[in-house]
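Structure first, commentary second.
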Amino acid sequence: MTTTDSRRSHRMGSERARTVVPTGHVPTVPCPWSKRALDIVLSGVGLLLSAPLWLLFAVAIKLQDGGPVFYVQDRIGEGGRLFKALKFRSMVPDAEAGVGAIQATEDDPRVTLVGRLLRAAAMDELPQLWNIFRGDMSFVGPRALRPGEIDADRPGEVVPIEEVPGFVERCRIRPGLTGVAQIYADRDLPRRSKFRYDRLYIRTQTFWVDVRLILVSFWITLRGTWEVRGRKF
């Protein structure tokens with residue numbers, strides 16, 4: 001193989017690494033202008049108004065254990081493309097060492113004290129306002145999942161998230177900070193069940209549905225019940 005061929009092969013491999021390619025083509029749903037406008041306005045205002053909280057949370061996280069303030073993750077976006085999602089770190093450093101990309105459980109020992117408080121009000125996801133402003137995400141949509149995440153399909157059996165039925169369909173739209181599954185599905189439901197909520201949203205989404213879900217999400221944040229198992233509001 002020539003040097004040119006080697007560079008071309010490496011470049012193509014890098015491009016493939018930035019995309020989760022489901023089986024077959026993923027026809028995306030065009031984002032309505034009203035939805036995008038709502039995302040830009042709310043995320044822009046949110047970034048400005050929340051600036052003092054960023055400083056407060058950064059100091060608290062740093063004082064907790066001296067680790068990094070932010071946690072950057074690859075997430076699966078519209079069309080299966082990967083993007084970098086920004087979060088406040090809510091777990092101990094190297095939380096996935098030995099366990100891999102697995103969802104946090106109730107009373108998970110990897111979650112720090114500060115992290116537990118942030119997660120109760122979903123404040124650990126506040127930096128994702130930047131992802132919304134950039135267009136990687138929307139305020140409302142399916143939860144942005146991680147490539148390589150595993151799910152307990154049956155007791156004692158785990159499968160890659162990309163192989164769970166419904167995964168391809170949920171990649172048709174931009175992932176969201178909140179959504180039907182995030183609000184109404186129990187946290188401990190398997191992904192297979194949560195994906196049904198995502199498909200329901202994709203089929204029924206409208207501007208006013210988004211507004212209602214955002215308002216409900218603000219209420220849950222004020223109550224600090226995002227981590228509750230069962231009804232959140």
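A few remarks follow.
- Contact map, the range 147-161: residues that are under 23 Å from Ala85 (Cβ atoms) paired with residues that are surrounded by fewer than 12 Cβ atoms within 10 Å (Cβ to Cβ) and modelled with pLDDT under 75, Cβ distance under 9 Å, separation 6+ or inter-chain. Pairs shown: Gly148/Gly100; Glu149/Gly100; Ile150/Gly100.
- Neighbours by Cβ (under 6 Å, 6+ apart or cross-chain): first from the range 211-233, at pLDDT 95 or above; second assigned to a helix (DSSP H, G or I): Val216/Ile183
- Condition met for Arg172 (within 17 Å of Glu78 (Cα to Cα), basic (Lys, Arg) and in a loop (DSSP other than H, G, I, E, B)): yes
- Counting only residues that are under 12 Å from Thr178 (Cβ atoms) and not β-branched (Val, Ile, Thr), the range 208-228 holds 8 of them.
- If the condition is being out of contact with any Gly (no Cβ under 9 Å at 6 or more places or on another chain), small (Gly, Ala, Ser) and more than 30 Å from Leu55 (Cβ to Cβ), then the range 126-175 contributes Ala152, Gly156, Gly166.
- Members of the range 30-84 found to be without any contact (Cβ under 8 Å) to a residue 40 or more places away in the chain, in contact with a Phe, Trp or Tyr (Cβ under 9 Å, 6 or more places away or on another chain) and part of a helix (DSSP H, G or I), listed by number: Ala58
- Within the option set Lys35, Lys84, being over 29 Å from Arg110 (Cα atoms) and at pLDDT 95 or above holds for one residue only, Lys35.
- Scanning the range 175-194 for residues that are basic (Lys, Arg) and either out of contact with any Pro (no Cβ under 7 Å at 6 or more places or on another chain) or in a loop (DSSP other than H, G, I, E, B) (or both) yields Arg187, Arg191, Lys194.
- Arg172 vs. criteria within 18 Å of Val26 (Cα to Cα) and modelled with pLDDT under 95: yes
- Number of residues in the range 146-171 that are surrounded by fewer than 23 Cβ atoms within 10 Å (Cβ to Cβ) and under 13 Å from the mean Cα position of the chain (by Cα) equals 3.
- As a summary of the residue check, Gln128 satisfies the conditions (1) surrounded by fewer than 23 Cβ atoms within 10 Å (Cβ to Cβ); (2) modelled with pLDDT of 95 or more except for the one numbered (1).
- If you filter the range 203-213 down to residues that are surrounded by fewer than 17 Cβ atoms within 10 Å (Cβ to Cβ) and not hydroxyl-bearing (Ser, Thr, Tyr), you find that the one that is farthest from Val140 (Cα to Cα) is Arg203.
- On inspection, Leu213 fails the criterion of being in a strand (DSSP E or B), in contact with a helix residue (DSSP H, G or I) (Cβ under 8 Å, 6 or more places away or on another chain), closer than 29 Å to Val114 by Cβ and not hydroxyl-bearing (Ser, Thr, Tyr).
The values are calculated or read from the model by the stated rules, or taken from the named source; none is laboratory data. Computed from a prediction, not measured in an experiment: that's the story for all the values here. Neighbour counts are summed over all protein chains in view; Cβ atoms, including those assigned to glycine, are modelled from backbone coordinates with ideal geometry.
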